[in-house]
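First up is the structure itself, then whatever we jot down about it.
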There are 4 protein chains.
Amino acid sequence: MAKPIEEGDYVRLWASNKKGDSFLIRIAKGGSLGSRMGAVRHDDVLAAGFGGEVLSTKGERFFVVRPTVSDFCRKIHRVTQVVYPKDAGVLLTSLDIRPGASVLECGSGSGGMTVFLAHFVGPGGRVYSYDVREDHQKVAMDNCRRWGVDDRVLFKVADVEETGFQERDLDALFLDVRCPWKIVEPAVSALAPGGRLAVLVPTVNQVEMVLESLREAGCADLVVTETSQRNWKTNPKRLRPEDSMVAHTGFMVFASTLKEGVAPDEYW
Amino acid sequence: MAKPIEEGDYVRLWASNKKGDSFLIRIAKGGSLGSRMGAVRHDDVLAAGFGGEVLSTKGERFFVVRPTVSDFCRKIHRVTQVVYPKDAGVLLTSLDIRPGASVLECGSGSGGMTVFLAHFVGPGGRVYSYDVREDHQKVAMDNCRRWGVDDRVLFKVADVEETGFQERDLDALFLDVRCPWKIVEPAVSALAPGGRLAVLVPTVNQVEMVLESLREAGCADLVVTETSQRNWKTNPKRLRPEDSMVAHTGFMVFASTLKEGVAPDEYW
Amino acid sequence: MAKPIEEGDYVRLWASNKKGDSFLIRIAKGGSLGSRMGAVRHDDVLAAGFGGEVLSTKGERFFVVRPTVSDFCRKIHRVTQVVYPKDAGVLLTSLDIRPGASVLECGSGSGGMTVFLAHFVGPGGRVYSYDVREDHQKVAMDNCRRWGVDDRVLFKVADVEETGFQERDLDALFLDVRCPWKIVEPAVSALAPGGRLAVLVPTVNQVEMVLESLREAGCADLVVTETSQRNWKTNPKRLRPEDSMVAHTGFMVFASTLKEGVAPDEYW
Amino acid sequence: MAKPIEEGDYVRLWASNKKGDSFLIRIAKGGSLGSRMGAVRHDDVLAAGFGGEVLSTKGERFFVVRPTVSDFCRKIHRVTQVVYPKDAGVLLTSLDIRPGASVLECGSGSGGMTVFLAHFVGPGGRVYSYDVREDHQKVAMDNCRRWGVDDRVLFKVADVEETGFQERDLDALFLDVRCPWKIVEPAVSALAPGGRLAVLVPTVNQVEMVLESLREAGCADLVVTETSQRNWKTNPKRLRPEDSMVAHTGFMVFASTLKEGVAPDEYW
C-alpha cells in the first residue's frame, strides 16, 4: 500500500475545521483545486504524499487522506440517486460480494453501485451491468474507468422486461429499477440455484409488489430490511450524536433462489 | 458458482415455516442433523444440491441454501461476543477491505471478524490476527479453517500493550479489545500513512477514551458512528416491521493516519 | 401529593437488583405479594409509605414508589394489545389531551388508552369509549375503575360501521380498530371543525387505506409518524444502550378536520 | 370546543402544497400575515372560523386549523433551545403531568416547556419555574401569557446552586440546565417522597454526571432513555419515510425519590 500518489489517482483533502471540510480530487500535474479556503496545487499534493499536508493559497492546512471506494461513490458525477454507504455494506455482505464473484446489476444508474461491486469482486471477478438508458450508462462507465475497475465490468444496454438477461449461473444479482417485480423471473433464471438476489426500492408499495413476485417465483429465505446510521460529534468532552441524520434511503429485499420446480408450499 | 456441494462444505437448511427456522450444517457423508422437526440425512442434502429440497424423517421440507459468510459467522462456535453483520458491513466499506488488502486485527476473539476479513481480502490478501489469549485464538483459527480461509491468516499470541505490532505499511487495522486507547500508538505505527483505523467498543466511556487517544496520536478524519438494522415481516398483505430488534452492539470509531510529525493543530 | 397510601391505591415495589425487578400492587389490608424474592405484606407497605422501604420474608429490600399512569397501563389486565407509553406520549400531545377536553376513542380494547385519556383530561373532561365487543369493554371499564377515572368515561357498545357516533363537536378522536378507514367519515362528523383525529395501525397496508380515506374525507394537515425509544443501562462507568428494544408497535396517522364542504383540491 | 375564534387566539394556516407550508398567527383585528404566498387578512380568518378556508391576495388557499400546544411551542419566540414535542410527550407521561399536579422546572429558558407543563396541569395545577437569567425568564413569561396559561405559573429568578428551591412536597420536577448534577440534592428535597424527577441533557458526559449524582442522592428506579420520531411522506401510492430526520435532541434521565435516610445499598 505504501505506493506513492500518481497522476490520475484520487486523493481526499481533509481540513481539521468545524465543518470537517473534505474535497475529493483526481491528481493532474499542474492542476489546482479552488475552494473558499483558497487554492491547492496538485503538485504540492503529489509531493506531500498520503498522510502528508499541504497549504492552500490562503494558508489553510489540508491533510492528504487515501479515499475509500465509499468516499469516491459519495462524490461521483451522478445523474441518478446513488446507493448509500450504509446500504452498500449490507448489500455486500448479504449478496456475499467476495473476490472472484460474478454479479449482475440492473440498472447501472450513475454507476455508484457498479463501482462498489467491481471494487469488491476484484480483478478476478465479473460485473454485468444492465440499463435501458445508454446516456446514464455512459456516466456509469466513466465512473468505473476513473476508479480503475472498468476491466471487470461488462455494460449492456437493454430493456430487460423485453429481453431478459443473457447470463446464467451467477453468484449474485442486484435490482435497482423502478418496477423490479417485472424482472424477478429473468433474475431468478440468471442466478445459479441457491444464488443471492437483492432488490432496493424506496417505497413500501414497491416492497409489497416485490414480495408478491418473489413468492410467485418460488424463492426461499425472504428478508426485508432497512438500515440506519447515526454519526456522533467527535469532541470527547461533549460526546453526543449529530443533530440530524438520513431517515430513509430505501428498503432492501433479499432472497435465495431454488432449482426450477422447487418451491415452498406456503409463506408466512 | 454452480459447483456441486462437497463433503466439508457448509450449507443452510431453511424451512418455510412461521419461525423461519434455519440450520447451518457442515456436510459429512453419513452424517445427520437432528432437530425437533425430525432428522435430515447429509447424503440427501448432497444429492439435492444447492437450491434443492430434502425431507426430514418427520416429513418436514427443508430447502438447501448457500450460506453467506454472515450466516457462518452468526452461528460459529464462539467464546466471545462476535461482530454483528450490520456492523461488519460498515467496517468492510470504511476500512476498505478489498481483494488483496493487508489488514491487522486485535483481538481475534472467536474469529468471527477474522473470518469476515479473510473472506473479503481473498486469497491474495493477508490478515494478521493478534490476541493475548491462546485458547481464544485456537477457536478463531479453527473457525477460519472450517470456512477455508486460514491460508491467508497469520495468528499471533501477544500482549500488544507490551510488544506492539510487528507489521508495517498495512492498509487497515481493526481494534476490538477492552482498552483500545492503550494500543492506538502501535496501531498508527503499523499502518501506512493514510491507512484506515477502526475501533469497536460497547460503551460511550470507551468512545471518549478512544477519541482522546486518536487526537493525541494526531490522526485525521475522526468519525464516530453507530448502525441499526430493522427487519420487516415478509407478508405483503400485512407488511410491518418485526416487533423487536437489536438496540445496540457497539460504537465504531474510524480515523485515517498521517505521516509521523504531521498532525492537526486542533480538533472540533 | 404527600398524602399517605390508602387501601385500594396502587403502589410499585422496586428492587435495586440487576434485573430492576418491579411489582405493581393494589393495596388491600391483610394482603400479601408473593414472588421468587419472598413475600411482602401490604400492611408493611402501608406503614412504610411512598418513598419508604419494606423487607420481604426472604430479607430482600423493596422501595415503595408512586406508580405513574404508564406503569399502571403497562401492567393492567389485558385482553388485547395495549398502546405503548412511547406512542401514548405522542398521541397526548398531538391530540392535545388537555384538562377538560372531550375525547372519543374507538375501540376500547383492554382500556389501556381509555385510562390514559381519562387520566389526562381530568375530572372536568369527558371520554367516550366505543367497542363492538361487550366482553372487552368490561375489562376496560374495570381498569378505569381500578385507576379511579371511571367517573369521566362513558362506554358504548356499538358496531360503528353501522351506527356511526352519537357525539358532535368533540375536541379529539382516536381510532384503534382493524379497519379504521371504514369509520373515518363518522369520525370527522363527530369532531368540531378543526378538531384533531388520530389513527393507530400496525401495518403499512393499513396506513395506505387510512390515508386514502382521509383524503377522500377532505381532512387537512395529514401526518404519518412512528416513534422509537431506546433505553440505556444506568451504570455511569459503563454507559451504553440496552441490548434490545421494541422495533415496532404501530404507525400513527394524524389529521385536522375541516368544515363540511371545505377540502383541499390536491394532496402531495 | 366549537367556540368561535376570538381576538388574541392563535390559529394555524395550513396550505395544501408540496412543502406543507403552515403559519402560526395570533389574531388581531385589522391585522395581516405577509408571506411569499401573498397576504392573508386576519379579519378573513375570523370570518372563516376553525375548519374554514381563506384566500391570500395571490389567490392561494389556506385552511384554518386549531393549533395544539406543540404547534405553539415549535414556533414561539425563543432565546434558547426548546424541548422537542417527541421528548415533551415522554416527559409528560414519565413525570405524570396530570391535571392539578404541582411541578417545578429549572430553568425556564424561552418557556417552551413551561407552556407545556402549564397547559397539561391545567388551571388547578401549579408550575414553579426557576431561572438564573431574568432576561430569559421574561421571554418565558411572555410566552405563557400569549398561550393563556400564566395564571398557574410562578416564575422565580435565582441561582439555585446557591439558594436551593423554596418548594416542598412537589409531584414532579424537571431539570433543564447545564450542570444539573449540582442541584440534584435540592431537587430531591423539593419533591414529595416517591416524587418524579426528570433531567434533560444533550451529551453522554452529562448523563454520566447525572447518574453519579442520582446514585449519591439515593434515588430509586433510574432510567436513561432517548426517543426518536420518524415522519413519513403521506402519498398512499408512494408511501415512504421522509428523507431526513432529527438524530438527537437530548438524553432524558428519570428517577423516583425516596424518604430521607432511605437508599439502595447498590446500583447496577
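The values are calculated or read from the model by the stated rules, or taken from the named source; none is laboratory data. Computed from a prediction, not measured in an experiment: that's the story for all the values here. Here the Cβ is made from the backbone with ideal geometry for all residues, glycine too, and neighbour counts use every protein chain on show.
Among the residues of the stretch D:120-138, what is the count of those that are of a type in the set (D, E, K, R) and either under 30 Å from C:Pro123 (Cα atoms) or crowded, with 21+ Cβ neighbours inside 10 Å (or both)?
Looking only at that region, the number is 2.
Which numbered condition trips up A:Gly49, out of (1) assigned by TED's automatic domain parsing to the domain that holds A:Ser22; (2) of a type in the set (Gly, Ala, Ser); (3) within 22 Å of A:Leu197 (Cβ to Cβ)?
Among (1) assigned by TED's automatic domain parsing to the domain that holds A:Ser22; (2) of a type in the set (Gly, Ala, Ser); (3) within 22 Å of A:Leu197 (Cβ to Cβ), the lone unmet condition for A:Gly49 is (3).
When the stretch B:213-239 is examined, which residues are found to be more than 7 Å from chain C (Cβ to nearest Cβ), free of Cβ contacts under 8 Å to residues at least 60 places away in the same chain and more than 28 Å from B:Ile183 (Cα to Cα)?
Within the stretch B:213-239, B:Asn231, B:Trp232, B:Lys233, B:Thr234, B:Asn235, B:Pro236 meet the criteria.
When you look at C:Gly59, is it without any contact (Cβ under 8 Å) to a residue 40 or more places away in the chain and under 30 Å from C:Met245 (Cβ atoms), yes or no?
no
Collect the residues in the stretch C:181-197 that are within 11 Å of chain D (Cβ to nearest Cβ) and within 21 Å of D:Trp14 (Cα to Cα), keeping them in residue-number order.
Those that are within 11 Å of chain D (Cβ to nearest Cβ) and within 21 Å of D:Trp14 (Cα to Cα): C:Val188, C:Leu191, C:Ala192, C:Pro193, C:Gly194, C:Gly195, C:Arg196.
Just one of (1) crowded, with 21+ Cβ neighbours inside 10 Å; (2) without any contact (Cβ under 8 Å) to a residue 60 or more places away in the chain trips up B:Ala39, so point out which.
If we test B:Ala39 against (1) crowded, with 21+ Cβ neighbours inside 10 Å; (2) without any contact (Cβ under 8 Å) to a residue 60 or more places away in the chain, just (1) comes out false.
Can you go through D:Gly89, D:Gly107 and tell me which one is within 13 Å of C:Gly89 (Cα to Cα) and either more than 8 Å from every other protein chain (Cβ to nearest Cβ) or at pLDDT 90 or above (or both)?
One residue alone meets the criteria, D:Gly89.
Picking from A:Gly20, A:Gly49, A:Gly31, which residue would you name as being surrounded by fewer than 21 Cβ atoms within 10 Å (Cβ to Cβ) and away from every other protein chain (no Cβ under 12 Å)? Don't jump to the end; show me each part of the working.
Details: A:Gly20 fails: away from every other protein chain (no Cβ under 12 Å); A:Gly49 fails: away from every other protein chain (no Cβ under 12 Å).
Checking each option against the conditions leaves just A:Gly31.
What residue, of C:Phe116, C:Phe120, is under 13 Å from the mean Cα position of the chain (by Cα), within 21 Å of D:Phe72 (Cβ to Cβ) and in the same structural domain as C:Val224 (by TED's automatic domain parsing)? Walk me through it before giving the result.
Details: C:Phe116 fails: within 21 Å of D:Phe72 (Cβ to Cβ).
Exactly one residue qualifies, and that residue is C:Phe120.
May I ask you to list the residues in the stretch B:65-86 that are at the interface with chain A (Cβ under 7 Å from one of its Cβ atoms) and closer than 29 Å to A:Asp71 by Cβ?
B:Thr68, B:Val69, B:Ser70, B:Pro85, B:Lys86
Looking only at the stretch B:198-212, filter to residues that are more than 11 Å from chain A (Cβ to nearest Cβ) and in contact with a strand residue (DSSP E or B) (Cβ under 7 Å, 6 or more places away or on another chain); which one of those is surrounded by the most Cβ atoms within 10 Å (Cβ to Cβ)?
This residue is B:Val199.
Take the stretch B:121-150 and flag every residue that is in contact (Cβ under 8 Å) with a residue 40 or more places away in the chain and either under 22 Å from B:Thr93 (Cβ atoms) or of a type in the set (Phe, Trp, Tyr) (or both).
B:Tyr128, B:Trp147
Kindly list the number of the only condition in (1) in contact with a Ser or Thr (Cβ under 8 Å, 6 or more places away or on another chain); (2) in contact (Cβ under 8 Å) with a residue 40 or more places away in the chain that fails for D:Leu92.
Here D:Leu92 meets the rest and fails (2).
Filter the stretch A:143-165 for residues that are surrounded by fewer than 14 Cβ atoms within 10 Å (Cβ to Cβ), in contact with a helix residue (DSSP H, G or I) (Cβ under 9 Å, 6 or more places away or on another chain) and under 20 Å from A:Val188 (Cα atoms) and give the result.
A:Glu161, A:Thr163
Residues being more than 21 Å from A:Arg196 (Cα to Cα) and facing another protein chain (nearest Cβ under 7 Å): count how many of those fall in the stretch A:240-268.
Residues of the stretch A:240-268 more than 21 Å from A:Arg196 (Cα to Cα): A:240-249.
From what is left, the residues that are facing another protein chain (nearest Cβ under 7 Å) are A:240-248.
Residues that pass the stated criteria total 9.
If B:Phe116 satisfies all but one of (1) surrounded by fewer than 22 Cβ atoms within 10 Å (Cβ to Cβ); (2) closer than 24 Å to A:Ala88 by Cα, what's the number of the condition it fails?
Only one criterion in (1) surrounded by fewer than 22 Cβ atoms within 10 Å (Cβ to Cβ); (2) closer than 24 Å to A:Ala88 by Cα is unmet by B:Phe116, namely (1).
How many of the residues making up the stretch B:129-167 are more than 14 Å from the chain's Cα centre (by Cα) and within 14 Å of another protein chain (Cβ to nearest Cβ)?
Summing the residues that are more than 14 Å from the chain's Cα centre (by Cα) and within 14 Å of another protein chain (Cβ to nearest Cβ) in the stretch B:129-167 gives 4.
Could you figure out which of (1) over 21 Å from D:Asp265 (Cα atoms); (2) without any contact (Cβ under 8 Å) to a residue 60 or more places away in the chain; (3) assigned to a strand (DSSP E or B) isn't true of C:Gly100?
Of the numbered conditions (1) over 21 Å from D:Asp265 (Cα atoms); (2) without any contact (Cβ under 8 Å) to a residue 60 or more places away in the chain; (3) assigned to a strand (DSSP E or B), the odd one out for C:Gly100 is (3).
Considering the stretch D:229-268 alone, what residues qualify as being of a type in the set (A, V, I, L, M) and farther than 30 Å from C:Glu208 by Cα? Full working, then the answer.
Quick first cut of the stretch D:229-268, residues of a type in the set (A, V, I, L, M) only: D:239, D:245-247, D:252-253, D:255, D:258, D:262-263.
The answer is D:Met252, D:Val253, D:Ala255, D:Leu258, D:Val262, D:Ala263.
I need the full set of residues from the stretch C:47-82 which are part of a strand (DSSP E or B) and touching a Ser or Thr at 6+ places or on another chain (Cβ under 8 Å), in order please.
C:Arg61, C:Phe62, C:Phe63, C:Val65
On the given criteria, is C:Ile25 of a type in the set (Val, Ile, Thr), within 11 Å of another protein chain (Cβ to nearest Cβ) and within 28 Å of C:Lys3 (Cα to Cα)?
So C:Ile25 does not fit the description; no.
Mind checking whether some residue in the stretch B:65-77 is more than 15 Å from A:Phe120 (Cα to Cα) and over 15 Å from the mean Cα position of the chain (by Cα)?
Scanning the stretch B:65-77 turns up at least one residue that is more than 15 Å from A:Phe120 (Cα to Cα) and over 15 Å from the mean Cα position of the chain (by Cα).
If a residue must be assigned to a loop (DSSP other than H, G, I, E, B) and touching a helix residue (DSSP H, G or I) at 6+ places or on another chain (Cβ under 7 Å), how many such residues does the stretch A:228-268 contain?
Qualifying residue count for the region: 10.
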